[in-house]
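Enquirer: Please find one structure pasted underneath; my questions will follow.
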């Protein structure tokens with residue numbers, strides 16, 4: 001088995017791996033498939049988030065790691081039941097950062113109750129995974145509404161997370177979301193969603 005970190009360090013190999021990833025194949029998708037199978041086998045509720053969730057919802061964006069949402073209890077069960085069986089801590093003492101051993105792929109866990117972006121208290125919070133997960137081709141994925149809401153809250157509160165706002169804008173384009181979608185979001189992030197949706201609509205009008 002190749003080492004994922006070695007593959008992505010080579011421009012030519014990384015390009016070939018990226019093509020495989022977007023075809024639903026490749027090292028990262030293989031690792032994802034085993035991860036969700038392991039979590040399901042243990043009965044640990046989860047939802048994929050981050051760039052993997054973006055891809056699940058139709059926005060093709062390359063990623064070099066896997067992010068998942070677990071409950072606090074789910075994280076403890078993951079640590080107790082799966083560490084040493086295909087997974088290891090990313091470094092000594094790590095509690096939420098792991099490595100998928102076979103391919104050497106980073107795995108980061110976010111737990112329910114954490115706040116997105118700057119980590120400070122806000123109306124939007126990472127939910128219990130079982131409450132906001134939808135099955136997309138066998139992978140439990142954070143719902144589109146919650147994904148958009150979390151990314152907006154992150155991008156608004158953390159200057160270093162502006163890419164989250166760009167991700168929302170791409171989702172608006174790809175999923176053809178209009179301002180009415182804002183009604184499904186927490187009121188604290190609605191104005192930013194409307195701003196992004198109107199910007200997308202304006203740009204499309206000007207290009208026609």
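FYI, it's all coordinate maths here, none of it is from the lab. Just so it is clear, the structure is predicted and the values come from calculations on it, not from any experiment. Positions of Cβ are backbone-derived with ideal geometry, glycine not excepted, and every protein chain shown enters the neighbour counts.
Enquirer: For 45, 135, which order do you get if you count the other beta carbons within 10 Å of each Cβ and list the fewest first?
Expert: Numbers: 45 19, 135 9.
Ordered by Cβ neighbours within 10 Å, fewest first: 135, 45.
Enquirer: To one decimal place, what Kirkwood hydrodynamic radius in Å is obtained for the chain from all pairs of distinct Cα atoms? Before the final figure, lay out each step's value.
Expert: Numbers: mean 1/r = 0.0556 Å⁻¹.
One over the average 1/r among Cα pairs gives 18.0 Å for the chain.
Enquirer: If you average the alpha carbon positions of the stretch 42-83 and of the stretch 189-208, how far apart do those two centres end up, in angstrom?
Expert: Distance between centres, Cα-based: 30 Å.
Enquirer: Quick one: if you take sqrt(5λ) for each eigenvalue of the C-alpha gyration tensor of the stretch 1-110, what semi-axes come out, biggest first, whole angstrom?
Expert: Numbers: eigenvalues 110, 52, 27 Å².
They are 23, 16, 12 Å, listed from largest to smallest.
Enquirer: Got a sec? How would 141, 99, 63 order by Cβ neighbour count within 10 Å, fewest to most? Kindly include the intermediate steps, with their values, before the conclusion.
Expert: Numbers: 141 26, 99 20, 63 17.
Neighbour counts put them in this order, fewest first: 63, 99, 141.
Enquirer: Can you give the angle from 0 to 90° between the axis of helix 162-175 and the longest principal axis of the chain, with both taken from C-alpha atoms, to the nearest 10?
Expert: So the helix axis and the longest Cα principal axis differ by about 70 degrees.
Enquirer: With 10 angstrom as the radius, rank 146, 122 by how many other C-beta atoms surround their C-beta, starting from the fewest.
Expert: Numbers: 146 24, 122 17.
Sorted ascending by nearby Cβ count, the order is 122, 146.
Enquirer: Could you work out how far helix 72-81 tilts from the main Cα principal axis of the chain, as a 0 to 90 degree angle to the nearest 10?
Expert: With rounding to tens, the tilt is 20 degrees.
Enquirer: Follow-up. Okay, helix-only estimate at 222 nm for the chain: each DSSP H run of n ≥ 4 adds -39500 (n - 2.57), divide by all residues, round to 500 deg cm²/dmol; what do you get?
Expert: Details: 8 runs with 97 residues, N = 208.
Value at 222 nm, helices only: -14500 deg cm²/dmol.
Enquirer: Take peptides 125-131, 182-188, 18-24, 6-12 and line them up by average Cβ neighbours within 10 Å, highest first, as a rough protection proxy. Spell out each step's value before the answer.
Expert: Numbers: 125-131: 17.7, 182-188: 15.6, 18-24: 13.9, 6-12: 12.3.
Output ranking for 125-131, 182-188, 18-24, 6-12: 125-131, 182-188, 18-24, 6-12.
Enquirer: What is the stretch 59-208's relative contact order, in percent, from Cα pairs under 8 angstrom and six or more apart in sequence?
Expert: Details: 188 pairs, mean separation 25.4, N = 150.
So the answer I get is 17 percent.
Enquirer: Rg(Cα) of the stretch 161-206 divided by 2.2 N^0.38 Å? Let's see the in-between values first.
Expert: Numbers: Rg = 10.1 Å, N = 46, 2.2 N^0.38 = 9.4 Å.
Rg over 2.2 N^0.38 Å, computed on Cα atoms: 1.07.
Enquirer: Now, a different point. Provide the packing ranking of 25-34, 194-203, i.e. peptides ordered by the mean count of other C-beta atoms within 10 Å per residue, highest first.
Expert: Values: 25-34: 18.5, 194-203: 15.4.
Listed from highest to lowest mean packing, they are 25-34, 194-203.
Enquirer: At what distance in angstrom do the alpha carbon centres of the stretch 17-41 and the stretch 103-127 lie from each other?
Expert: 21 Å
Enquirer: Now, a different point. Given the chain, what percent of its DSSP beta bridges are antiparallel, to the nearest 5? Walk me through the intermediate numbers first.
Expert: Details: 14 of 21 bridges.
Rounded to the nearest five, the antiparallel share is 65 percent.
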